[in-house]
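Notes follow once the structure below has been shown.
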Amino acid sequence: AGVGAAGLAGLLLALASGGALGRGGRRIYWKTFFGVTEIILLLLAASLLVGGTEKLIALGTLPPGIDPLWDSSFLLSDSSGIGSFIAQLTGYRARPALSTLLVLATYWLLALAALNRPIRPHA
């Protein structure tokens, strides 16, 4: 019953959000809106990739390399407060393993290359 209620609440919130966007659509600068959501989605994907990479390292499927590569927890800890929020949103780690850093760097290089490729019109 709780899952059904949560699903119904999510559906109602989605409909309300869609209605609000539809009514306020004339006042929204869509290029900015989609630019911001694009950045948020790229950051969330990076966070998921870091989490998956860390799970592969923990399972022994992927070697960690140098672990930790550095320790920046004295500047911003990824285990509490704002550091935890940033870590969950972006994949930030205060003590990353080399493998995690290499996977993340590859992700960002591929993402930026895909975003900056020229768009060719269809014939």
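The values are calculated or read from the model by the stated rules, or taken from the named source; none is laboratory data. Only a predicted model underlies this, so the values are computations on that prediction, with no experimental measurement involved. Reconstructed Cβ throughout: ideal geometry from the backbone, glycine too, with neighbour counts over all protein chains shown. The area values use the complete protein model at the heavy-atom level, side chains included, leaving out ligands, DNA and RNA. Shrake-Rupley method; radii C 1.70, N 1.55, O 1.52, S 1.80 Å.
What to note about this one:
- Size of electric dipole in region 27-123: Cβ of Lys, Arg +1 and of Asp, Glu -1, about Cα centre, debye, nearest 20: 460 debye
- Per residue solvent-accessible surface (Å²) - the chain, probe of 1.4 Å: 75 Å²
- Between the helical axis of 2-23 and the longest alpha-carbon principal axis of the chain there is an angle of about 60 degrees.
- The sum of -39500 (n - 2.57) across all DSSP H runs of n ≥ 4, divided by the residue count of the chain, sets its helix-only mean residue ellipticity at 222 nm to -22500 deg cm²/dmol.
- The equivalent ellipsoid of the chain has semi-axes of 33, 23, 15 Å, largest first, where each one is the square root of 5 times an eigenvalue of the Cα gyration tensor.
- The equivalent ellipsoid of region 1-66 has semi-axes of 36, 22, 4 Å, largest first, where each one is the square root of 5 times an eigenvalue of the Cα gyration tensor.
- For region 17-67, applying the loop criterion from DSSP together with a ceiling of 15 other beta carbons within 10 Å to the trypsin sites (Lys or Arg not before Pro) yields R26, R27.
- The packing ranking, built from the mean of other Cβ atoms within 10 Å per residue, places the peptides 10-17, 90-97, 74-81, 112-119 in the order 90-97, 74-81, 10-17, 112-119, highest first.
- Working from Cα pairs under 8 Å separated by at least six residues, relative contact order for the chain is 26 percent.
- Note, ³J(HN,Hα) from phi for region 48-59, Karplus 6.51, -1.76, 1.60, rounded to Hz, x at Gly and Pro: 5, 5, 4, x, x, 5, 5, 5, 5, 5, 5, 7
- Couplings 3J(HN,Hα) for region 63-68, derived from phi with the Karplus relation 6.51 cos²θ - 1.76 cosθ + 1.60 (θ = phi - 60°), are x, x, x, 6, 9, x Hz, where x marks Gly and Pro.
- Cα-based Rg / Dmax (Å) for region 55-106: 11.3, 31
- Measuring nothing but protein heavy atoms, the accessible surface of the chain at 1.4 Å probe radius is 71 percent carbon and sulfur.
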